[in-house]
Amino acid sequence: MTTPNEIPAIGIALRILSGLLFGAMAICIKAVADQVPLGQLVFFRSAFALLPLMAFLWFRGEFPAGLATRRPLGHLLRSSLGAAAMFASFASIARLPLAEATLLTYLSPTFTSLASIILLSERATIWRIGGVVLGLAGVTTLVWPELGHLDMQGPRLWGYVFGLLMGILTAFALIMVRKLSRTENPGAIAFYFIITSMLGSLLTIPFGWAGLDMTMLAILSLAGLFGGFAQITMTLAFRHAEASLLAPFEYLAILWPVLADVLLFHAPLSLAFLSALPLVLGGAALAAMDGRRKNRVPAQA
């Protein structure tokens, strides 16, 4: 049922826009991943995402008062899990075609559903079980050709490993978001996550950061800005429309990495990817079914 403050058409438009912005962020990361160390990628993505987030919170009258917290350790755990997931995600993007790396992010609802059953004693419904089965079948379909090469040190195989690790870490981060959101401001949850990611990335400086020319600096800055605005537009989308209405448009976001691979990076779509695509997306849809029926708003790790 639509409330007076909800405008579903605006919610749908914002959800599509957020998917496009997240896709643009991933394209920027992919464009420089071969030249910029992982920690440096995370730093710039986090630092420049902080700018639109702070402006948004200030506009809403939530900065700095909205950052007050009674659960600092909870924020630390959630932020650490989210930061580790970002590291794993960017490592996967660096080693895989963008479409494949993005597809692995859709495993997060499956792992979150499984973690909720194990850690929160939530009910194991047919939707959740079906989501796990389809998700794992999709991963097997995607990875199996690489295993057939017996190249256990190959970059693609490690890209899959990092992608799976990202999904697991994101699942635990989202479990923490679910717990924190009962008492904490969503803006504070996002703010402390970004700060933790920045601090974590600074620890990688001794391992060497790359010198940046103006083009690389511009691309990294855009990655952060796109990511920050994507988070804001997704948040606003769920203020205007129910999660169940926006659900189909969440899966539209896979289109942008596919187009980027074909048109920008000239990476052909593999048969394994095309076969795994409906399995993974179907698993994500089933795993998220219960949460969407309860009108829960998903959060980005």
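For this structure, a couple of remarks:
- Largest accessible area first, the listed residues Glu250, Glu184 line up as Glu250, Glu184 when surface is computed with a 1.4 Å probe on the assembled protein chains.
- Principal axis dimensions, largest first and in whole angstrom, of the stretch 127-280 by Cα: 48, 47, 29
- Heavy atoms of Tyr192: accessible area, 1.4 Å probe, square angstrom to 10: 60
- The chain: relative contact order as a whole-number percent, Cα under 8 Å and 6+ apart: 44
- 10 Å binning of all Cα-Cα separations within the chain, expressed as whole percents from 0 upward: 6, 27, 38, 24, 5, 0
- Compared with the rule-of-thumb size 2.2 N^0.38 Å for a compact globular protein, the stretch 88-208 has a Cα radius of gyration ratio of 1.22.
- Of all accessible heavy-atom area on the chain, the percent that carbon and sulfur account for (1.4 Å): 72
- Note on Ile118 and Thr140: the model spin-label points, each 7 Å out from Cα along the C-beta direction, lie 1.9 nm apart.
- A dipole drawn for the stretch 129-275 from +1 and -1 charges on Cβ atoms has a positive end, and of Gln231, His266, Pro145 the residue lying farthest that way is Gln231.
- Backbone N atoms of the stretch 240-276 closer than 14 Å to the 7 Å Cα→Cβ label point of Arg156 belong to residues 267-276.
- Fully extended contour minus Cα-Cα distance, from Leu255 to Arg70, at 0.36 nm per residue: 62.6 nm
- When each full DSSP H helix of the chain is screened for a Cα extent of at least 27 Å along its own axis and an average Kyte-Doolittle hydropathy of at least 0.5, the helices passing are 8-32, 38-59, 72-95, 126-148, 155-180, 214-240.
- In a fully extended conformation the segment linking Leu217 and Ser275 would gain 17.2 nm over its present Cα-Cα distance, using 0.36 nm per residue.
- Candidates Phe238, Phe249, Phe87, ranked by Gaussian network fluctuation over the chain, Cα under 10 Å, top entry: Phe249
- Shape call, the stretch 52-139: gyration tensor on alpha carbons, a/c limit 1.5: oblate
The values are calculated or read from the model by the stated rules, or taken from the named source; none is laboratory data. None of the values given here were measured: they were computed from a predicted structure. So basically every Cβ, Gly included, is an ideal-geometry build from the backbone, and we count neighbours across all protein chains shown. Heavy atoms of the whole protein, side chains included, go into the accessibility calculation; ligands, DNA and RNA do not. Shrake-Rupley method; radii C 1.70, N 1.55, O 1.52, S 1.80 Å.
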